[in-house]
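We did not get these values from a lab; they are worked out from the coordinates using the rules stated. On a predicted model such as this, the values are computed, not experimentally measured, just so you know. With ideal geometry, Cβ positions are generated from the backbone for all residues, glycine too; neighbour counts draw on all protein chains shown.
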Amino acid sequence: MSQVTDYPESEAKPERAVPATETEGTGGLLSVRLPKLPLGSRIAKFYHDVKMEMRRTTWPTRSEVWSTTLVVLIAVVFFGFYLSGIDYLIGQGFKYLEKVFR
């Protein structure tokens, strides 16, 4: 069941409910009206947040990249041979069944 409600432009929209941390007797929710920022401010805030997040990102070293790349390549080769072997065995099984039922 959808909880989306359309409000006419003349009516005030309800305030957004957020969890209350220090209030008592409000049923665990506190109403707070959040201001809507202009488009330019939202874009600037987004890029600022991206820059701050990138500062917290830890990038792998060159040796870590090479070692994980090597593990992936070995796994790809192993599973390639494994699956081609299984394919060959299943194909031989179907050829055998075809000979048996002719």
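For beta carbons closer than 6 Å, sequence separation of 6+ or different chains, a first residue in the range 31-50 that is without any contact (Cβ under 8 Å) to a residue 24 or more places away in the chain and a second that is of a type in the set (A, V, I, L, M, F, W, C), the qualifying pairs are S31/A17; V32/V18. For the range 48-73, a residue qualifies if it is surrounded by 10 or more Cβ atoms within 10 Å (Cβ to Cβ) and either not in a helix (DSSP H, G or I) or not aliphatic (A, V, I, L, M) (or both), and the qualifying residues are H48, D49, P60, E64, W66, S67, T68, T69.
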